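The values are calculated or read from the model by the stated rules, or taken from the named source; none is laboratory data. Because the structure is a prediction, the values reported are computed rather than measured. Glycine also receives a Cβ, built like all others from the backbone with ideal geometry; neighbour counts cover every protein chain displayed. Keep in mind that these areas ignore ligands, DNA and RNA; they rest on the heavy atoms of the full protein, side chains included. Shrake-Rupley method; radii C 1.70, N 1.55, O 1.52, S 1.80 Å.
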Amino acid sequence: MSSSYQAILLVDGYNIIGDWSDLKKSRDRHGLEAARRELIECLINYTAAVAYRTKIIFDAHYQDTPRSTEGYTAALSVHYTAFAETADTYIEKFCATFNRKKYQQESTRLIVATSDRAQQLTVVGYGAEWRSAQMLAGEVQQAARNTRIKRQTKKKPAGSFLFNTLDPAAQRRLRQMQRGM
């Protein structure tokens with residue numbers, strides 16, 4: 001684990017999809033796969049903005065499949081549980097073993113995003129931080145706003161002339177001096 005990550009974020013994927021209205025609409029209109037893709041894309045951007053290592057966990061959803069992991073970026077991976085294993089079980093096991101990992105650094109936080117009340121109590125009992133689906137949505141939106149503001153600030157080049165760095169009143173006075181006024 002790289003020390004450049006501020007936290008590990010575990011996301012109960014289907015819980016978030018069921019709670020965020022835009023993802024719920026996407027699921028109902030276009031299917032579960034579309035909603036999963038939208039959640040993944042959204043969290044890729046968020047993860048990059050906040051420097052978290054993010055693991056999105058999806059239940060096997062009654063499919064007789066083995067546990068699998070897909071890496072999307074260096075900081076975000078998607079984990080599908082094995083048949084009959086819930087995302088809750090996966091998250092609880094991760095939380096239970098988190099503090100015993102050799103790579104664990106004291107400065108690294110563990111955050112779990114779910115609106116499941118029982119899960120909240122369990123993960124907090126293991127020492128993890130908790131975020132409801134709506135709290136995570138707010139943080140994701142704030143990170144997107146901050147990113148847009150940074151981009152807009154960078155897009156406004158003042159030009160390479162000293163004149164462009166002056167405040168408007170000084171610019172007016174300088175123009176008047178140039179005209180001999």
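Tabulated values for the structure
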read-out: Residue ID - farthest from TYR14 (Cα to Cα), chosen from residues in the range 51-93 that are part of a helix (DSSP H, G or I) and open to solvent by 30 Å² or more (accessible area, probe 1.4 Å); value: LYS93
read-out: All positions within the range 11-32 that are small (Gly, Ala, Ser), open to solvent by 20 Å² or more (accessible area, probe 1.4 Å) and part of a helix (DSSP H, G or I); value: GLY18, SER21
read-out: Residue list for the range 123-137, restricted to those being open to solvent by 30 Å² or more (accessible area, probe 1.4 Å), in a helix (DSSP H, G or I) and touching a strand residue (DSSP E or B) at 6+ places or on another chain (Cβ under 9 Å); value: VAL124, MET135
read-out: Flag for LEU32 being within 16 Å of SER132 (Cα to Cα) and either of a type in the set (A, V, I, L, M, F, W, C) or modelled with pLDDT under 95 (or both); value: no
read-out: Check on THR47, farther than 19 Å from GLU92 by Cα and open to solvent by 20 Å² or more (accessible area, probe 1.4 Å); value: no
read-out: Boolean, ARG37 is within 24 Å of ALA143 (Cβ to Cβ) and open to solvent by 30 Å² or more (accessible area, probe 1.4 Å); value: yes
read-out: The range 138-181, subset closer than 26 Å to LEU23 by Cα, open to solvent by less than 50 Å² (accessible area, probe 1.4 Å) and among the hydrophobic types (A, V, I, L, M, F, W, C), residue modelled with the highest pLDDT; value: VAL140
